[in-house]
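What follows is a short report on a single structure.
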Amino acid sequence: MTAKRLGWAVAAMGVLLACIYLFLYAPIFYVIYTSFAADIVWPFPPAFSMAAYGDLFTSSLYGDALRNSLVLGLGSALLSTVLATGGAIGVLRHRSRWRGLALGLFLTPLFVADLLIGISTLAFNARVLDLPGNMYSAIAANAIPGTSFAFLIILAQLVRYDWAMDDAAMVFGAGPVRCFIEITLPTIWPCLLGAFLIGFILAFNNLEISFYNLGAIPTLPSVAWGSLRFGLGPELFALAAMVNFIVFAIFGVMYLLMRYKIVRFGYRETL
Amino acid sequence: MRNAGTCQQFVKAGTSVPDAVLKLQAIVKRFGTVTAVDRIDLTIERGEFFALLGPSGSGKTTMLRIIAGLERPDEGGVFIGDRDVTALPPYARHVGMVFQNFLLFPHKTAAENIVFPLRMQRLGRAERDERLAWAMSLMRLGGLEDRYPNELSGGQQQRVALARGLISRPALLLLDEPLANLDRELRSEMEVEIRRYQKELELPFIYVTHNQEEALTMSDRIAVMHNGAFEQIGAKTEIYTNPATAFVAGFVGHSNRFEGKLVEISGGLARMAWQGDAMLVPVPRDPRPGGAILFAIKFEDLEIARAPDGVDRTGRNRLAGTLRDVIFKGQTANYIVALGDGSEITISSAPRGLDLRMSEPVIVHWPVARGATFHV
């Protein structure tokens, strides 16, 4: 193998990698680019304008939708994180021959289509509870796949946690609740926050589950979906760009927090 | 005795220094089909330094966890003072513990780690600060209050762990291989310190270790554990000089082992047939003439001389061999001798005045009553 041929191979791999990233991110960047364009139908050559954002902020519909989406996202993320934390700790701490089953049952909702979760919660609300669509059931229904995702994230981090630390706290007089608040939580909170943020993004962006449960109550995805009937408005591009920005910002904050946390406390890897 | 004053204060200030007696009654613990602890009875006296010595998997850590309440025994009872604590969770038992790897809370400073037990007891701030100052000075940790565990050296972490174990004035302190992760020099330093704290505080320590030197250095009494049961329990000198079983003889101290056959018993000694030779050895328990026996004798109980030296050695066993190697260790040297059958034995003695050369014929000899014999 000559150095020259190796150089070609590296270059080819580089091009392939660039193509994969292009495939992943081109649609997102196209939306962001277009949202700043003066003409959204054919935004070339570039001519920039903030008109789309003006339209977005003057419309009251989007304000309501944003508020609803935030409530939905936060509520569902909180519920998912609490359930998943309990589940992950239970699966890790209690040796049982049913452990594998318990773990599997926490993950299977991931493989159920959102559409089916939406329809079945709608049917349950209507037939059994005799309730119309409402925010509470939307939060609960979004927390179904959210819990599974959060469970995966928390479990992956928590396997590194040294439970002997809790043993130590208990010997020194801490009951189970005290022990969780004083010892476990301060160490594992970054992964709970990670799970919370992922849960938030999932519920915030969700269309199918929320749509079935909320009916006429608008969320950002349902408004975007509904406005397709009137054609692609420029404010839709602005909305998509904003949502992307929020999601990226959350990931950025998450990364920085985890990073900061690891620098400051860390797992006991120095020993 | 720089700490004598603070120590007095410790004893006086305690509302009640508990009677500090631990009793285990017929403790059994099984994990699946494995019996980790097999009907153990144990009484720990006040002020005693007790070592649980055994190889890994012998059940010693499980026993410690049962005492702490981190495991529930399947059978039997645990009593601390006159309280039956068998059904109590760890946080209601009031014992102190020093863990392997120290297990300091990584997000708390040294001082926060040390006062943790007091905070759990909801002790007033003034008293808390007073005891913290006491523990910091006892453990010579002054100035390290605000350091996080990962900013402390191994020895400092060890002392923080000890301070945390002692600060609540527990009924007894459990130590689970606390020196296993320290380097050799620090370990021998800490051995002396831990023993000094124990003697000053007059608090019973139960010290789990697989390291016989640690057990011998620090403790008053040792239980040698094997397969979930006590092989022998007694004063450390007793364990060392009079091993009750072949396992103890092999595990405590460094011994040469000879496997032979018990021929007969006469005059309070047993005659053992070994490699066509005969040795006079102590009589094993429940002697069965004709049975296979194991004779174990410590390195330092053997003596070595240049052969032939013409000295009368009646009342001694003698083995002829050639010197293979001398391992100089400073205070002592280990002489490795190859016997006629090709096996090697080791003799440990002061290196001075014995200018033996390699491959020189030597005689290994020892008084007939030395060593210990067991049926196998």
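The values are calculated or read from the model by the stated rules, or taken from the named source; none is laboratory data. What you are looking at is a predicted structure, and each value in this text was computed from that prediction instead of being measured. Here Cβ is always computed from backbone atoms with ideal geometry, including for glycine, and neighbour counts include all displayed protein chains. Please note that ligands, DNA and RNA were not included when accessible areas were found on the heavy atoms of the full protein model with its side chains. Shrake-Rupley method; radii C 1.70, N 1.55, O 1.52, S 1.80 Å.
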query = Quick one: which of B:LYS60/B:LYS261; B:LYS29/B:LYS108; B:LYS60/B:LYS236 span more than 28 angstrom between C-alpha atoms?
reply = B:LYS60/B:LYS261; B:LYS29/B:LYS108
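Accessible area, 1.4 Å probe, largest first: how do A:PHE248, A:PHE180, B:PHE105 sort? Can you show the working numbers first?
Details: A:PHE248 90, A:PHE180 65, B:PHE105 0 Å².
Most to least solvent-accessible, the answer reads A:PHE248, A:PHE180, B:PHE105.
Provide the FRET efficiency to the nearest 0.05 for the A:TYR30-A:TRP189 pair, computing r from the beta carbons and using R0 = 41 Å.
Values: r = 37 Å, r/R0 = 0.91.
Efficiency for this residue pair is about 0.65.
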query = Can you list the residues of the stretch B:126-162 that have at least 30 square angstrom less accessible area with all protein chains present than in their chain by itself, probe 1.4 Å?
reply = B:TYR148, B:ASN150
key: Coordinate range along principal axes, alpha carbons of the stretch B:254-375, Å, largest first   = 42, 28, 24
Amide H contacts of B:PHE49 (H built 1.01 Å from N, under 5 Å, at least 5 apart or other chain) = B:PHE205, B:ASP220, B:ARG221
task = Take the Cα atoms of the stretch B:21-78, find their three principal axes, and give me the spread along each one in whole Å, biggest first.
result = 36, 24, 18
key: Cα-based shape type of the stretch A:53-117, given that a ≥ b ≥ c are square roots of the gyration tensor eigenvalues and the cut on a/c is 1.5   = prolate
query = Full extension from B:ASP84 to B:ASN242: what is 0.36 nm times the residue separation minus their Cα-Cα distance, to one decimal in nm?
reply = 53.4 nm
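With a ≥ b ≥ c the root eigenvalues of the C-alpha gyration tensor of chain A, is it rounded (a/c under 1.5), prolate (a/b larger than b/c) or oblate?
Working: a/c = 2.05, a/b = 1.25, b/c = 1.65.
Judged from the Cα gyration tensor, chain A comes out oblate (a/c at least 1.5, b/c at or above a/b).
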request  = Using only Cα atoms, tell me the angle between helix B:4-13 and the longest principal axis of chain B; keep it within 0 to 90° and round to the nearest 10.
outcome  = 60 degrees
ask   = By the gyration tensor of its Cα atoms, with a ≥ b ≥ c the square roots of the eigenvalues, what is the shape of chain B: rounded for a/c under 1.5, prolate for a/b over b/c, or oblate?
value = prolate
request  = Mind listing the long-range amide H neighbours of B:THR86? Cut-off is under 5 Å, sequence gap 5 or more, other chains count too, H placed in the peptide plane at 1.01 Å from N.
outcome  = B:VAL78
request  = Sticking with the crude label model, points 7 Å out along Cα→Cβ, report the distance from B:LEU186 to B:GLN121 in nm, one decimal please.
outcome  = 2.9 nm
task = Determine how large the accessible area of B:VAL326 is when every protein chain is in place; take a 1.4 Å probe and give Å² rounded to the nearest 10.
result = 50 Å²
inquiry  = For a Förster distance of 60 Å, can you work out the FRET efficiency between the beta-carbons of B:HIS254 and A:SER59, rounded to the nearest 0.05?
reply    = 0.10
Per-residue SASA entry for B:ASP146, accessible area with 1.4 Å probe, Å² rounded to 10 = 120 Å²
request  = Just need the relative contact order of chain B here, percent rounded to a whole number, with Cα pairs under 8 Å and 6+ apart.
outcome  = 16 percent
ask   = Hey, can you list the DSSP H helices of chain A whose Cα span along the axis is 15 Å or longer and whose average Kyte-Doolittle score is at least -0.5?
value = A:3-35, A:60-93, A:135-158, A:185-205, A:234-264
message = With the crude spin-label approximation of a point 7 Å out along Cα→Cβ, what separation in nm comes out for B:ARG288 versus B:ARG46?
response = 4.7 nm
ask   = If the label point is 7 Å along Cα→Cβ of A:TRP98, which residues in the stretch A:112-147 have backbone nitrogen under 17 Å from it?
value = none
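How much length is gained on full extension from A:SER49 to A:PHE124, taking 0.36 nm per residue of separation minus their Cα-Cα distance?
In short, 22.3 nm is gained.
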key: Solvent-accessible surface (1.4 angstrom probe) belonging to A:PHE251, in square angstrom, nearest 10   = 90 Å²
task = Hey, could you grab the Kirkwood Rh for the protein assembly as shown? Inverse mean 1/r over distinct alpha carbon pairs, Å, one decimal.
result = 31.3 Å
key: Rounded Å value of the spacing that divides the Cα centres of the stretch B:217-235 and the stretch A:95-169   = 51 Å
